[in-house]
1. Using helices alone, what [θ] at 222 nm do you get for chain A, with -39,500 (n - 2.57) per DSSP H run of 4 or more residues, divided over all residues and rounded to the nearest 500?
2. How many angstrom lie between the Cα centre of the stretch A:48-84 and the Cα centre of the stretch A:211-247?
3. Can you tell which of A:200, A:215, A:56 shows the greatest fluctuation in a Gaussian network model of chain A with Cα springs below 10 Å?
4. Relative to the longest principal axis of chain B, what angle (0 to 90°, nearest 10) does the C-alpha long axis of helix B:200-216 take?
5. Please compute the average number of Cβ atoms from other chains found within 10 Å of each residue's Cβ in peptide A:135-142.
6. Need one value for A:232-242: mean number of C-beta atoms belonging to other chains within 10 Å of its residues' C-beta atoms.
7. Relative contact order, percent, of chain B when contacts are C-alpha pairs under 8 Å separated by at least 6 residues?
8. Order these peptides, A:103-111, A:185-193, B:197-205, by their mean beta-carbon neighbour count within 10 angstrom, highest first.
């Protein structure tokens, strides 16, 4: 081996080796295990091939299928609501901080971003108290303006939205930073030229800011989706998937089936389904964006 | 960081409009800070105050009793040490592996480079739950389950770090690397004594990101430690306080524990945030 080859391999081996062993091999194992009956308490060699049975079961009409399809729907709804709130808010906050020329904008940026540093477990604990129907300050404040009291985490109608809101509270600062990064890439001269032509506020936003932020927004949406799929702590700790399964989301459900109940094959089939759903969604979003670009 | 700003066209920003924007800004800051302020205030309440309806906002007689109680229920020192070990070693590992791989991807030309890089980047978008079940078994089969090593080893390299380092090392002039080679420096020497200082701000940002992420991470340690409570990081020890929290008497207790867990990442953030913002802006990771 030449000296160059040797040093190239030496530079790449530690990281790519770790990624191969702890990410790529497990992906392959997940796919294989999805077609087997296997207890997660026993070695991989005990897995027996059963074809598509796991997939039939998780999409079937039995209780396994009902729970899984519920979790899939909850996660889809949760992700949609998160993205629908995070993107507009982060654009608003980003423009307020970056474009409005307000004193103290950097302080706001710091406060917003600081929430992203807070461990999710602490967020979950604090919000479980903030949401408390009788002792929590949120219902108290809403009461002052004549709203409520709302049941928040204790009703199947509002529990999932409540988890979405705490997630938005934690993450919106991070996405605001991404949007600011996108805004700094828009040349000031474009705005000035448009203003010469008489364009004002909403027109500047609609014809310059938004179109030129498109790639940033697309990237943000994908990251927000991947983050939303990972929601775990508030569900595991506070709601346990309830009430009546309304907050039973994929990460929580797959872990409960595959690790806690040790139904490794069944859990793996759920993981594969989740992965496929994500790949299809992300590919479709990018394909749509590209087609619009060509117009 | 002072940001360039549009010179407002005459009449574009009336004082009234600016007043509204300032109010909006203050409202956002208040909503954003409120949960954390409430957390700290509640940790200082007496049990009676903490369960009052409607809630009292400012503790009448602030006391640190809740913190005392937390340290009796969970081994705070031990949990902090575990968290520091997990986050510290993982971060150090990520910095080293990312520098090396980032250097190779940025400065070496070899076959399959783009393919390898693309595969690496793809793993950045993988939700951990997808590999959790076999990973749990895999780590167990190499004898690392229920130990800190099991928490740390699978995370010593990550795609985000490699991506970030490649982006910034690509901006380091080739002449700098060539000159060091002519002086007879080994490739490792070049990476750690010439390239690393040149990308120091990005390294600082990566360090902050990795440390906070692994200090806060919950799903993987919970899964791999399997109830071995002597190895619990603070975020998992904290979750055990909730069983005491079922009776509302101990709200203050949970808030005290949460306050303790939040402090290290927030303190680190205050010192390193400027690197972080600058790095995200300059990395092109938002797709420009």
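Only the coordinates and a few stated rules stand behind these numbers; no lab work does. This one's a predicted model, so the numbers in the text were calculated from it and none came from an experiment. With ideal geometry, Cβ positions are generated from the backbone for all residues, glycine too; neighbour counts draw on all protein chains shown.
1. Working: 13 runs with 189 residues, N = 295.
-21000 deg cm²/dmol, from helical runs alone.
2. Cα centres, the stretch A:48-84 to the stretch A:211-247: 17 Å.
3. A:200
4. In chain B, helix B:200-216 runs at an angle near 40 degrees to the longest axis.
5. Shielding by partners across A:135-142 averages 4.
6. Working: counts 5, 6, 0, 0, 4, 5, 2, 0, 0, 0, 0.
That works out to 2 on average.
7. Values: 294 pairs, mean separation 86.1, N = 288.
Normalised by residue count, the contact order of chain B is 30 percent.
8. On the way: A:103-111: 16.1, A:185-193: 13.2, B:197-205: 18.4.
Going from most to least packed, we get B:197-205, A:103-111, A:185-193.
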